[in-house]
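The values are calculated or read from the model by the stated rules, or taken from the named source; none is laboratory data. Because the structure is a prediction, the values reported are computed rather than measured. Virtual Cβ from ideal backbone geometry, glycine too; neighbours counted across all protein chains shown. Ligands, DNA and RNA are excluded from the accessible area calculation, which covers all protein heavy atoms including side chains. Shrake-Rupley method; radii C 1.70, N 1.55, O 1.52, S 1.80 Å.
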Amino acid sequence: MTLRISTPTHEGVYQGSKYLKFQVLCDQHELSSLFDVLKPFWIYQLTGLNDGVPIDQDYFLKEYESWIEGLKMGRLPTDADLRRLLACAFTAEVDALWKQEVPGHRFIIKIAKPVVQVQAHFFTYSSIDGVFRPMTMGQESIFWGLQFSFPQIYQDPKTMELLEVDESPNAELFQKIKQWVRDTTRATPFVVDGKKTNVPIRLGKNCFSWIDKHPQLKKISVYAG
C-alpha cells in the first residue's frame with residue numbers, strides 16, 4: 001500500500017478522542033491468529049523517521065515473539081527492542097494515513113482519519129491504594145504486551161468539524177480486535193497479599209502457564225493467573 005506524500009498545510013492536523021482501549025499480554029501465536037483475522041491490513045510506524053513503507057507483518061510478529069520468549073526466561077525487552085515497534089498504526093484504509101517528506105528522502109507518517117493505534121503497554125501497581133493503573137510509564141512500570149486503541153470521535157483535519165466514527169474499514173478492524181480479545185484473552189486475576197483482584201487488562205489464554213516467570217511481577221510479589 002503506497003501512502004500519498006503531502007504537507008500539514010494541505011492535510012491539516014488530525015485529533016481523536018474518547019478512545020476505546022484494550023491492553024493485552026498475549027503470546028506470539030495468539031497475536032499471529034489476530035493478524036490472520038485482520039487481513040488485509042497494513043502496519044505503519046508512527047514515531048520517528050522512516051522509509052514510508054509498511055512494516056512487514058512477519059517482522060512485527062518476530063519482534064513481538066522475541067519480547068515474549070524473553071519474558072518466559074525472566075528477561076524484559078530492552079528500550080532498543082521496544083523502540084522498533086514503539087507506536088504503530090494498523091489500517092485497512094489507504095487514505096487514513098499520509099506521509100510528510102523530510103530531507104534525506106525520509107518520511108514522517110501522519111494520521112488523516114481514525115486508525116487502530118498500537119503501542120507497547122506498561123502498567124503500574126500502587127501498594128498504597130491497591131490500584132492497578134494501565135498505560136502508565138515510570139521506573140516502576142510493568143511491561144504488559146500491547147495496547148490497541150481506537151477513537152469514538154475525531155476532528156476532521158480540514159473542516160475542523162467534530163465527527164463520530166461511523167462504519168468504516170478501520171472501525172471494522174477494531175471490532176475484529178474486540179472479538180479476538182473476548183475469544184483469546186481473559187481479564188487478568190492478580191493476587192496481592194493473598195487477595196485476588198480481576199483487572200481489566202487482559203492476559204492471553206496461552207500465557208497463564210508461564211506468567212509467574214514475569215520478572216517485574218516477581219519483584220513486587222504480585223501474582224497473575
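For the pair segment 209-225 and segment 53-85, the centres of their Cα atoms are 20 angstrom apart.
Rounded to the nearest Hz, the phi-derived 3J(HN,Hα) couplings of segment 16-33 under the Karplus curve 6.51 cos²θ - 1.76 cosθ + 1.60 (θ = phi - 60°) are x, 8, 6, 6, 8, 9, 10, 10, 9, 9, 10, 8, 5, 6, 5, 5, 4, 5, where x marks glycine and proline.
Mind listing the long-range amide H neighbours of residue 46? Cut-off is under 5 Å, sequence gap 5 or more, other chains count too, H placed in the peptide plane at 1.01 Å from N. Under 5 Å from the amide H of residue 46 lie the amide H atoms of 87, 88, 89, each far enough along the sequence or on another chain. Shape class for segment 32-84: oblate, because the ratio a/c of the largest to smallest gyration tensor axis (alpha-carbon atoms, square roots of eigenvalues) is 1.5 or more and b/c is at least a/b.
Only alpha carbons enter this Debye calculation for segment 122-199, each as an equal point scatterer, and the log10 of I(q)/I(0) it gives at q = 0.18, 0.20, 0.24 Å⁻¹ is -0.92, -1.00, -1.14.
Would you work out what percent of the accessible area of segment 1-111, with all protein chains in place, is carbon or sulfur (probe 1.4 Å)?
Working: 3050 of 5520 Å².
Of the solvent-accessible surface of segment 1-111, carbon and sulfur hold 55 percent.
The residues of segment 39-124 have, on average, 44 Å² of accessible surface per residue, using a 1.4 Å probe with all protein chains present. The convex hull drawn around the Cα atoms of the chain, when projected onto a plane and averaged over every direction, covers 13.1 nm². Relative to the longest principal axis of the chain, what angle (0 to 90°, nearest 10) does the C-alpha long axis of helix 57-72 take? Tilt relative to the chain: about 20 degrees. Straight-line cross-link partners of residue 99 among the aspartates and glutamates, defined as a Cα under 15 Å from its Cα and at least 8 positions apart when in the same chain: 11, 51. Taking the longest Cα principal axis of the chain as reference, the axis of helix 169-184 is set at about 10 degrees. Placing +1 on the Cβ of every Lys and Arg and -1 on the Cβ of every Asp and Glu, with no other charges, gives segment 105-225 a dipole of roughly 520 debye about its Cα centre.
Dividing the convex hull volume of the alpha carbon atoms of segment 1-103 by its residue count gives 128 Å³ per residue.
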